[in-house]
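Scroll down for the structure; my scribbles are underneath it.
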Amino acid sequence: MGMSRNAVGAIFVGAALMVTVGAIGYPVVLGIQKTGTASSSVVADTDFGPLTKNDRDFVAEVHAAGLLELPAGRLALKKGTTGDVRAAGQRLVNADVSLDATCRKVATRLDVTLPDKLSLQQQALLTAMTDDRGRKFDSDFANILWTANSRLLPRIADIRTTTRNTLIRQLADQADTSVLDHMTTLEKTGRVDYDQAP
């Protein structure tokens, strides 16, 4: 007797979710590890201070995070089963629209190329959330985004303490405020599973 379609789907989504959450954190961890000479070498002298490869990568990473968070927040507005989940979705949308506007301005002024689509891992996470229903959506939404934000936080601190570029520092300050707000708001949903946290 085979497994039901729902059971197979749940196993697949669960496995994909675990692999993808790990994959999202992996580049952030690498970013922290590569703060040595190669990533801290100046790639351009700008009116706002020296720009390093690490600075440039950070702008792209902040934008890439928003590529997932904005549609996920919109999903929460439609699919959230509680007021707290819908409120978290609204806060993510509001903050990410503002943060992305800053990110785009910084990228333009510093000639940084931004990603224009979700990574494969982000697409898998968004697909899982799109397919989720009810409390499963609430839980996945809170945990996926809380984990992604918690892994971005050390990266922000690293950039904030190492950059000599005033625009990058301002972006890091805004990203820090947004990420901390996201995490707090997601925690208020009561759906964050700290045992699965990084």
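The values are calculated or read from the model by the stated rules, or taken from the named source; none is laboratory data. Nothing here was measured: the structure is a model prediction, and the numbers come from that model. Note that we place each Cβ from the backbone using ideal geometry, even for glycine, and neighbour counts take in every protein chain shown.
What to note about this one:
- Within segment 180-198, considering residues that are part of a helix (DSSP H, G or I), modelled with pLDDT of 95 or more and not polar (S, T, N, Q), the one surrounded by the fewest Cβ atoms within 10 Å (Cβ to Cβ): 180
- Residue check for residue 157: within 27 Å of residue 44 (Cα to Cα), of a type in the set (A, V, I, L, M) and buried (at least 18 other Cβ atoms within 10 Å of the Cβ): no
- Evaluated against (1) in a loop (DSSP other than H, G, I, E, B); (2) within 20 Å of residue 153 (Cα to Cα), residue 117 falls short on exactly one condition, (2).
For every residue, the table says whether it meets (1) free of Cβ contacts under 8 Å to residues at least 40 places away in the same chain; (2) not small (Gly, Ala, Ser).
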{"site": "50", "(1), (2)": "no, yes"}
{"site": "90", "(1), (2)": "yes, yes"}
{"site": "108", "(1), (2)": "yes, yes"}
{"site": "123", "(1), (2)": "yes, yes"}
{"site": "128", "(1), (2)": "no, no"}
{"site": "133", "(1), (2)": "no, yes"}
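- Only listed residue being closer than 16 Å to residue 57 by Cβ, among the β-branched types (Val, Ile, Thr) and surrounded by fewer than 18 Cβ atoms within 10 Å (Cβ to Cβ), chosen from 113, 130: 113
- Flag if residue 177 is part of a helix (DSSP H, G or I) and closer than 22 Å to residue 54 by Cα: yes
- Among the criteria (1) part of a helix (DSSP H, G or I); (2) touching a His at 6+ places or on another chain (Cβ under 9 Å); (3) among the aliphatic types (A, V, I, L, M); (4) under 27 Å from residue 54 (Cβ atoms), the one residue 125 does not fulfil is (2).
- The listed residues are 96, 100, 84, 55, and the only one of them that is assigned to a helix (DSSP H, G or I) and in contact with a His (Cβ under 8 Å, 6 or more places away or on another chain) turns out to be 100.
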